[in-house]
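Reviewing the structure listed below.
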Amino acid sequence: MRLSKTFIKTLREAPKDETAKNGALLVRAGYIHKEMAGVYDFLPLGLRVIENIKNIIREELNELGCEEILMSALQNPEPWEKTGRFSNQEVDIWFKTELSSGGELGLAPTHEEPITEMLKTYISSYKDLPLYVYQFQTKFRNELRAKSGILRGREFLMKDLYSLHTSEADLDDFYAEVEKAYARIFERLGIGGDTFETFASGGIFAKYSHEFQTLLPVGEDTVYYNSDKSVVLNKEVLNDEVMADLDVAREELTEATAAEVANIFKLKFKYSEPLGLKFADENNEQKTVYMGCYGIGVSRLMGVIAEKFADEKGLVWPEAVAPFKYHLVAIGAAGTAEAEKFYQEHKGEVLYDDRDLRPGEKFADAELMGMPYRVVISDKTLAEGCAEIFERASGETRLVKLSEI
């Protein structure tokens, strides 16, 4: 990408209605465009970040034997009515629309009901199980207050995985594999050190569910953790019974603010029973399918990473999710000629600022956009056969031979 050829423009001031750091910086740096409260467009740089996050998740899930699908956002009310969740009294975040021919549809806030209904076509025998399917899909939730930039939106990108099993033991085994896969995902995204599996409310079907919470000053959740962070609790389950279960005392726990980036839940028969998802076992007896669901907020992760690593000058992307590895700046005639060669040799890894601007303006934009490395090739550095490499995260600058970059 050449900055002279893209429509992206950086902004010196954040939009007045964008108070969250992640939202303000992502808009200023040209990653996203705000349509309205809680609704954003992802521009070329932002989309590259999203795709990098998706690819890390995809690689880990495919390794578990999961299959990727893509389901409809428009929802038939029938399966939702069978579980009682199409009612606005039961689920108060629906976006609904009337068909011109009559009748009502919804925009999916999640996909437990439609995936269960769909898989009735493909599951009939124990030989069809276990089965693991996932998607990256836009969800719609009519939040009362959309806030915190892309941390909480009315339209957002989510990865939702659903597992189907013949037994609770098989569900438990896969659930444990997903726990480990999620830990690897967050480590690869650069937030593993501050992201913890957290005990949360399991509702009426289980004592606990598990969330993955990233410690973050602007997070919407309050968590409590022990000294080595081996036990982390959401505030909603902080009570004597839970602490006894987990063998921790209140005085051992430290309070912190965190942002939920994922959750996993053993559904068991919650949706398969009312929707009639069954299989014939080895004795040809009809049994209900066990289910689990596992979510990751993809666009929310982008916001968490932006919020967590940004500094006073702009974004600081971990290399695994950065839209480009290098931000290239040329100074002088010889430097420009050599920079052009570098760009051609490293296409796909280089954002080339070839605009007719002063070096200081380009450097400021480079820090705002947050690529891991700024590469400056100038007449001066070429005298030593080098380029100047500035590492965004550490702030260190060094000269490196062009042949060794």
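Every number in this text was worked out from the coordinates using simple rules, so none of it is lab data. Since the model is a prediction, treat every value here as computed from it, not as a measurement. Positions of Cβ are backbone-derived with ideal geometry, glycine not excepted, and every protein chain shown enters the neighbour counts.
Listing for the model above:
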quantity: Loop-located GluC sites (Glu not before Pro) in region 63-119 whose Cβ has at most 12 other Cβ within 10 Å (DSSP); calculated: Glu90
quantity: Cα-based shape type of the chain, given that a ≥ b ≥ c are square roots of the gyration tensor eigenvalues and the cut on a/c is 1.5; calculated: prolate
quantity: Calculated FRET value between Thr222 and Asn142, using beta carbons and R₀ = 30 Å, to 0.05; calculated: 0.75
quantity: Net charge over other residues, Cβ less than 14 angstrom from the Cβ of Leu105 (K, R count +1; D, E count -1); calculated: -4
quantity: Cα centre as origin, Lys/Arg/Asp/Glu Cβ charges: the chain dipole, Debye; calculated: 1440 debye
quantity: Euclidean distance between Cα centres, region 1-53 to region 305-330, Å; calculated: 13 Å
quantity: Calculated Rg and Dmax of region 326-404 using C-alpha coordinates, Å; calculated: 11.3, 30
quantity: Hypothetical label at Ala337: residues of region 352-367 whose amide nitrogen lies under 19 Å (7 Å Cα-Cβ projection); calculated: 354
quantity: Residue among Ala200, Leu275, Gly106 farthest towards the positive dipole end of region 3-309, charges placed on Cβ; calculated: Gly106
quantity: About the Cα centre, charge dipole magnitude for region 86-151 (Lys/Arg +1, Asp/Glu -1 at Cβ), debye; calculated: 260 debye
quantity: Selection from Val39, Gly153, Tyr294, by position along the positive dipole direction of region 3-309 (Cβ); calculated: Val39
quantity: Sequence-separation-based contact order of the chain, relative, with Cα cut under 8 Å and 6+ spacing, percent; calculated: 17 percent
quantity: Ranked packing of 289-297, 130-138, 353-361, most packed first, by mean Cβ within 10 Å; calculated: 289-297, 130-138, 353-361
quantity: Peptides ranked, highest mean first, by Cβ atoms within 10 Å: ranges 146-155, 318-327; calculated: 146-155, 318-327
quantity: Listed pairs Lys235/Lys270; Lys139/Lys207; Lys159/Lys207; Lys207/Lys270; Lys21/Lys308 exceeding 20 Å between Cα atoms; calculated: Lys235/Lys270; Lys139/Lys207; Lys159/Lys207
quantity: Computed magnitude of the charge dipole of region 326-404 (debye, nearest 20; Cβ of K, R +1, Cβ of D, E -1); calculated: 40 debye
quantity: Potential lengthening between Ala320 and Arg184 on full extension [0.36 nm per residue; Cα-Cα distance subtracted]; calculated: 47.7 nm
quantity: Net charge, Thr222 excluded, C-beta distance under 10 Å - Lys, Arg +1, Asp, Glu -1; calculated: -3
